[in-house]
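Enquirer: Pasting a structure here, questions to come.
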Amino acid sequence: MSPYMIALQAIVLREAQRFISQRGRFIAALVRPLVWLLVFAAGFRAALGLSIIPPYQTYITYEIYIVPGLCGMIQLFNGMQSSLSLVYDREMGSMRLLLTSPLPRWWLLVCKLLAGTAISILQVYAFLGIAALFGITMPLQGYLLVLPVLVVSGLMVGALGLALSSIIRQLENFAGVMNFVIFPMFFLSSALYPLWKMAESSRLLYQICAVNPFTHGVELIRFALYGQINLAALGWTCLALAVFLGLALWGYDPARGLIRRKT
Amino acid sequence: MGRSNPTMSAAGLRIEGLSFSYGPRQALSDVSFAVERGRFCALLGPNGAGKSTLFALLTRLITTPCGLIHVAGHDLRQVPRSALASMGVVFQQPTLDMDLSVRRNLSYFAALHGLSARQAGSRIDAALERLSIADRAGERVRDLNGGHRRRTEIARALIPAPDVLLLDEPTVGLDAAARASITAHVHDLCDDGGLSVLWATHLVDEVRPEDQLVVLHQGRVLANDTAGTVAGQRPLAERFLALTAAA
């Protein structure tokens, strides 16, 4: 195995072990979307009428509609949690080990991203499994096609977290990230309501939702769950991934970024 | 991982004209010194002297356009990966995973350096043996005392078979016996293995008269000679206080 793959394997395994040993984090990662799905969606179902929009070919219940958005939410939370752990790691010093390895720094950061994405995919499948137990199911091919798509969307939100962890001086606590990153990204997207609904309320909010990379990530997942690839959403998600990754690598460049600004 | 050909015949560590500032505050100013192969060099300086900044530059956590750093002949700016591959580092802050065993910590580190489990296995055994902690290999780091944790970190730094070993105040928080033991272990590494060691400290009793001594104060090198010569007829502690007070 090449040195690159050895490092990747070690980083992914370690991240997985850490996640499994933190049972509370695993349960929280599952309970959060399930509450949305089984409580919020049930209550909201009557309030929101949905027309037939692609990829759906018939009327669907609200529970069915929000599943892709909740998959995206799982990845968003996971990406931000990974970025927080990076800030914590850097302060505690173990990030230094990573940064002083003779392997290229971009590769080590990509390994971290892949590790975080792998964890988020485990969580999404666990969530989809529980949703299926409650009768909320997708076509079989959707469960397969969504896998590569979750890699792309997971990397995109993970890269955003990585960029934030390198550029923002201090992510004091998770509440700050919730207020300023997760909630705006989640609510200003197509996760909870189709964009045409938003357009009826406010043109401006609709436009913000339409440029939000998270919207495209969610749409990518939504179409994939029905065995289709939404090329426009794929393109926007990849573009956002490239931009966020570029920012993250810039932030972790030893000549720039946070490390230089000694606290 | 391929290393480039050393551009210098003398292995070890060479620093020339290194300067660095955090905004308006000058942290290092024209720092130059060299540590030859097989030498133990103590970098002595009071808190805030610039030792940690120098270590951050040596390990490429930060970079500066002013000055040169050569590690075993590799220019850190030109060929950073070769230079980093020739270097073992023990940071001031603990960087072990407390929930993993000693051996698992070491094998994770070896993988970060691209070493396969097969390549790493014998190196890990050798490093643990050298630091006399082979019998602790299976224990969780959380269950070790401070001295053994530090030894684990030093053993870990030896896995890539470095030419230069950097230690940033490695005895902070340890009791007198553990400090003496770790200081002795690292001196032995220089004597047996031809390793060049840069040992940052603010404690004069960790320095032996025959060691090279670089005194750093307010970002400048005040003295660079054997500790015995720097001290002269006076105890090193007294001489150190006089040097830093006069500057």
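Enquirer: How big is the shadow of the Cα convex hull of chain B, averaged over all directions, in nm²?
Expert: Averaged projected hull area, Cα only: 13.4 nm².
Enquirer: For the protein assembly as shown, what is the charge dipole size about the Cα centre, in debye to the nearest 20, if Lys and Arg each add +1 at the Cβ and Asp and Glu each add -1 at the Cβ?
Expert: 800
Enquirer: Fully extended, how many nm does the chain gain between A:MET5 and A:GLN22 (0.36 nm per residue separation, minus their Cα-Cα distance)?
Expert: Gain on extension, A:MET5 to A:GLN22, equals 3.5 nm.
Enquirer: Moving on to the next point. Assuming a viscosity of 0.692 mPa s and a temperature of 37 °C, what translational diffusion coefficient in µm² per second does Stokes-Einstein assign to segment A:152-229, Rh being the Kirkwood radius over Cα pairs?
Expert: Using the Kirkwood radius from Cα pairs, D works out to 240 µm²/s.
Enquirer: How well do other chains shield peptide A:6-17, expressed as the mean number of their Cβ atoms within 10 Å of each residue Cβ?
Expert: Average per residue, whole number: 4.
Enquirer: Which of the three applies to segment A:1-87, rounded, prolate or oblate, going by the alpha-carbon gyration tensor with a ≥ b ≥ c and a/c under 1.5 meaning rounded?
Expert: Prolate is the answer for segment A:1-87, as a/c is 1.5 or above and a/b outweighs b/c.
Enquirer: Based solely on C-alpha atoms, express the radius of gyration and the Dmax of the protein assembly as shown in angstrom.
Expert: 26.9, 94
Enquirer: Average partner chain C-beta neighbours within 10 Å, per residue of B:61-68?
Expert: 3
Enquirer: Please turn the phi angles of segment B:180-185 into ³J(HN,Hα) values with the Karplus equation 6.51 cos²θ - 1.76 cosθ + 1.60 (θ = phi - 60°), one per residue in order, whole Hz, x for glycine and proline.
Expert: Each residue's phi maps through the Karplus curve to give 4, 5, 5, 4, 5, 4 Hz.
Enquirer: Taking 0.36 nm per residue of sequence separation and subtracting the Cα-Cα distance, how much length would be gained by fully extending the chain between A:LEU144 and A:LEU204, in nm to one decimal?
Expert: That works out to 18.0 nm of additional length.
Enquirer: Taking the Cα atoms only, what angle lies between the long axis of helix A:3-21 and the longest principal axis of chain A, rounded to 10 degrees?
Expert: The answer is roughly 60 degrees.
Enquirer: What order do you get for A:51-58, A:78-85, B:30-37 when each peptide is scored by the mean count of other beta carbon atoms within 10 Å, highest first?
Expert: The most tightly packed comes first, giving A:78-85, B:30-37, A:51-58.
Enquirer: Give me the distance between the Cα centres of segment A:141-217 and segment B:10-66, rounded to whole Å.
Expert: Segment A:141-217 and segment B:10-66 have Cα centres spaced 43 Å from each other.
Enquirer: Any chance you could give the angle, 0 to 90 degrees and rounded to 10, that helix A:23-35 forms with the longest Cα principal axis of chain A?
Expert: 30
Enquirer: So, one more: Just to confirm my numbers, what's the Cα centroid distance between segment A:1-71 and segment B:94-114 in Å?
Expert: 31
Enquirer: Just counting partner chain Cβ atoms within 10 Å, what average do the residues of peptide B:85-93 show around their Cβ?
Expert: 2
Enquirer: Follow-up question, since we're still on this one. For a quick protection proxy, order the peptides A:196-209, B:112-125, A:27-40, B:83-96 by their average other-Cβ count within 10 Å, most packed first.
Expert: B:83-96, B:112-125, A:27-40, A:196-209
Enquirer: Find how many whole Å separate the alpha carbon centroid of segment B:231-246 from the alpha carbon centroid of segment B:131-173.
Expert: Cα centroid of segment B:131-173 versus Cα centroid of segment B:231-246: 32 Å apart.
Enquirer: Report the net charge of residues surrounding A:ALA7, where surrounding means a beta-carbon distance below 15 angstrom and charges are Lys +1, Arg +1, Asp -1, Glu -1.
Expert: Neighbour charge sum, excluding A:ALA7 itself: +3.
Enquirer: Quick check: pseudo-label points 7 Å beyond the Cα along Cα→Cβ at B:SER19 and A:LEU133, how many nm apart are they?
Expert: Taking the simple label geometry, B:SER19 and A:LEU133 are separated by 6.6 nm.
Enquirer: Measure nothing fancy, just the Cα-based angle from helix B:102-112's long axis to the longest principal axis of chain B, in degrees from 0 to 90, nearest 10.
Expert: That helix lies at roughly 70 degrees to the long axis.
Enquirer: Counting only residues 5 or more places away or on other chains, whose amide H sits under 5 Å from the amide H of B:VAL90 once H atoms are built in the peptide plane?
Expert: It is B:LEU166, B:LEU167, B:ASP168, by chain and number.
Enquirer: Bin all alpha-carbon pair distances of chain A at 5 Å intervals from 0 and give each bin's fraction as a whole percent.
Expert: So the P(r) values, bin by bin, are 1, 6, 13, 17, 19, 16, 12, 8, 5, 2, 1, 0.
Enquirer: Sticking with this structure for a sec: Based on DSSP, what percent of beta bridges with both residues in the protein assembly as shown are antiparallel, to the nearest 5?
Expert: 55
Enquirer: Kindly give Rg over Rh for segment B:95-161, based on alpha-carbon atoms, with the Kirkwood expression for the hydrodynamic radius.
Expert: Rounded to two decimals, Rg over Rh is 0.92.
Values in this text are rule-based calculations from the coordinates and carry no lab data. Nothing here was measured: the structure is a model prediction, and the numbers come from that model. Note that we place each Cβ from the backbone using ideal geometry, even for glycine, and neighbour counts take in every protein chain shown.
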